[in-house]
Every structure is written in structure tokens, then in C-alpha cells.
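Note sheet for the following structure.
The values are calculated or read from the model by the stated rules, or taken from the named source; none is laboratory data. Everything numeric in this text was worked out from a predicted model, so none of it was measured. Virtual Cβ from ideal backbone geometry, glycine too; neighbours counted across all protein chains shown.
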Ligand code: PFF
């Protein structure tokens, strides 16, 4: 183990930071719109099953690999196997970190931009989502606007990561996560007290099973990875700063619980407001930037809610962005002997530049398409639909089949001595999911993403 390697200050700090990584644009921007497009309650049910049977077992595995090796994804596999194949799996995680952060920051930038636009009053006069859509087209269509906020998002991310694991990531998460939850509670209360909110609640709770197609199940499963930050070593890296006395299984359960709770709360806040205004819940990716601003504009005091909502999104994006950058930084610090500051500045700068064509995909480069996809869409697709499921598949196979069962058992027991006595079925169930259920289902997701199904 490296002497003086950084570590979390407390277990609570770790939980908040890891929940901060998990809770992001995926929960507040993506989950509500994919649930909206795929029929609401029935989709949410399938999603919850995916989280329980795939997300949770894989999350335990990722954190466990990190905690046991006290290393970044590349160093972790090197410490456990010496096999080139597994080391390259770890390396793919670092590559995925580069890719996801490069485009994540573009949308993260928009959310900061929308906080500023709310304060400037540009969001208060819409009569319809179409008008809000025009403004959204104008803003995201401006290279200067997009690039400036992409840069601001990066500057904030780098500012936090440069301060280190405890002083930067943990400290900022301890402030940002409680603010995030408080804002969400306020927005939820506002949502459910609107006239007509019950239609939104019904949409979320009354299932229409006819909407559950094979495709919807694969979308739910793919999203389970993205939302829990799985498959690229972010949770592995965060786990590597955890002490041996902490219980990995209960920590994972708390992270899954927080991530799921916040996605559902965001769903309630958003759909009650959308239904109360009689707007379309299936508006797709534009739900947040086009439908909601129109909802806020029609509400008394809407400008405050709009400010809070976009601030919520910006915070959620930032706590996830820092975990993406940390994967890359941890690799260069652990394996290449860089100092943290240098690694943040050089690789933060590089990832910012890789993100420039993504920011321009909505304006100057909108017509540059390969296989009918813009640069943004390609990077998003490769990372979210290929690399993350592939990484998740490898982690399940590694812990299920490659790592010796005795070693896995010993690793889980550290910090959770009573677990196997109190829950004798735990190990068997966890292994069945890792060895069989997760590999089969994730392979289906991958085949689907690659167009074979
Ligand atoms: N979990 C984040 C979200 O739901 O927005 C996205 C994410 C963050 C994915 C970090 C992967 C990652 F390593």
C-alpha cells in the first residue's frame, strides 16, 4: 500500500461523496424523461428491480475491489491479478472517465447557465414550452454561451478535486448534498400542493404494463449503471479511500437507497408540476430545459422555483463531475507518480478540450455526423451504452468467477464481521446475481446497444 495515500475523514463523508457521485444529471434530468417516455410507473418498477438485482451486487463488488487494493482502477486490477487483460479493463475505466466527463460537463454547464438566465429574468415570460424551446435552442445554439459554461463547470470541478479527497471532495459533498436534498424537498412540496398534482402522482404510481417492452427493460438496466456511477471505476476509486473497518455492504445499501430516493423525489417534483400545467410528460430530453421552464413561468413565485431547480441540477452535476475527474487523477497519482495538482490541471484541461466538440455539437458542428450521430451523441453512446455496461460485466465476472471465493469472503468480512452469521443467505444470493444474472442481462444490454437485438 502507498504510504500517505489519501483517505476519507469519516464514513459519513464517504457515503455523501459516493451518493454525490451517483446522484447526478442521470437522476434529475434523465430518469424522469426516460420514465416519462416509457410509461411511468411500470417502467419505474422495472428500474427498481434492475437496481436491486444488478446495480446493488455490482456496486458492492466495485467498492470492495477499491477498498481491498486501495488503488485506482488500473492499479487495483494489477494488484489482484497481474493479468494484462484485467489491467486493460481498469484502463478502459479511466478512458470512460475522460469521455463521460467531457460531455457531462457540457450539460452541467447548461444547468449553471440556466441558474444565471433565471436570475437575469429571461425565463419568466414563457406562454408555452415551444417558447421555452426557442430560448433553449438559442442558448445551446450559441458556441460562446455553451463553451463559457462548459469552462465554468470545469473550473469548479477542478477547483474541488485539486483540494484533495478529504479537503475537497468530502468537504464539498458535505455541504452540497444536504443543500441538494433540501431543495428537492421544497420542490416536491410545491409540486404535490399544486392543483392537479394527483394526475402526476398517478402517472408515477399506477402502472400501465402494456408499456413494458423488451426495449424498455434494456433502457432501465442501462440506466441502472449510469445512475449508480458503475462500470468505470468511479465507485472503485471512491472505495479505495475507505478504511478497512467500514462495512462495504451497508455502505453500498445506503448509496443505492439515497440514489433511488432522490430519483423518485425528482420524479414527483417534476411530474406533479408538468401534469398540473397540462403539459406532455413524454417530452424527452427537452423535458427539463423546455417543458419545465414553461411550467415555472406559469406558477406564482415560479422564478424562485426555477432558480432552485437549476441550482439543484448544477449541484447534482458537480458532485458527479468531481468523481469522474477523480478516477483520472487517481490513476496518474497512484500509477504515474504525478502530484494531484499537476494531474488535475493537465488532465482537467485535456478533458475540457475533448469536450469542446461536444459543446459545439449543438451549434457549429451540428451537421457533422457519423452514423447519423453528432460528436456529443457518439461519445455519450460509446461511454454510457458500451463502456459502462462492459465495465459492469467485467466487474461482475471478476468478483463472481476470477477472484478467489475465499479472498472475496475475507474482503467482505472486513468491517462486516457479523454479516455472514446474521444473514447466512447473503453470500449465496449475491454470488448468484454476480455469476449468472448480471452477466446474462448485461450481455443482452450490450448486444442491444451494438444493434444485434
Ligand atoms: N451517476 C451519475 C448520474 O446519475 O448522473 C453519472 C456518472 C457519474 C456516471 C460518475 C459515471 C460516473 F463515474
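So the values come out like this:
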| item | result |
| --- | --- |
| Qualifying residue in the range 42-64 (condition: touching a residue at least 12 places away in the same chain (Cβ under 8 Å) and outside any helix (DSSP H, G or I)) | no |
| Checklist (1) within 16 Å of the ligand (Cβ to nearest atom); (2) surrounded by fewer than 21 Cβ atoms within 10 Å (Cβ to Cβ) applied to residue 58, failing item | (2) |
| Residues (outside any helix (DSSP H, G or I) and away from the ligand (no atom under 16 Å from the Cβ)) located in the range 186-239 | 193, 194, 195, 196, 206, 207, 208, 212, 213 |
| Any hit, the range 316-331, residues being more than 16 Å from the ligand (Cβ to nearest atom), part of a helix (DSSP H, G or I) and at pLDDT 95 or above | no |
| From the options 23, 74, residue that is within 14 Å of the ligand (Cβ to nearest atom), modelled with pLDDT of 95 or more and either under 27 Å from residue 401 (Cα atoms) or touching a helix residue (DSSP H, G or I) at 6+ places or on another chain (Cβ under 8 Å) (or both) | 23 |
| Pair list, Cβ < 7 Å and 6+ apart or interchain, from the range 214-239 residues that are within 14 Å of residue 328 (Cα to Cα) to residues that are near the ligand (Cβ under 8 Å from one of its atoms) and not in a helix (DSSP H, G or I) | 235/229 |
| Those residues of the range 96-125 which are in a helix (DSSP H, G or I) and either more than 15 Å from the ligand (Cβ to nearest atom) or more than 23 Å from residue 321 (Cβ to Cβ) (or both), in sequence order | 112, 113, 114, 115, 116, 117, 118, 119, 120 |
| Candidates 137, 93, filtered to the one that is surrounded by fewer than 21 Cβ atoms within 10 Å (Cβ to Cβ), in a helix (DSSP H, G or I) and at negative phi | 137 |
| Odd one out for residue 411 among (1) farther than 22 Å from residue 146 by Cβ; (2) outside any helix (DSSP H, G or I); (3) in contact (Cβ under 8 Å) with a residue 24 or more places away in the chain | (2) |
| Residue ID - surrounded by the most Cβ atoms within 10 Å (Cβ to Cβ), chosen from residues in the range 167-183 that are over 17 Å from the mean Cα position of the chain (by Cα) and within 16 Å of residue 313 (Cβ to Cβ) | 183 |
| Flag for residue 304 being assigned to a helix (DSSP H, G or I) and away from the ligand (no atom under 16 Å from the Cβ) | yes |
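Results for (1) out of contact with any helix residue (DSSP H, G or I) (no Cβ under 6 Å at 6 or more places or on another chain); (2) surrounded by 16 or more Cβ atoms within 10 Å (Cβ to Cβ), shown as yes or no for each residue.
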residue: 269; (1), (2): no, yes
residue: 302; (1), (2): no, yes
residue: 323; (1), (2): no, yes
residue: 337; (1), (2): yes, no
residue: 348; (1), (2): no, yes
residue: 356; (1), (2): yes, yes
residue: 374; (1), (2): yes, yes
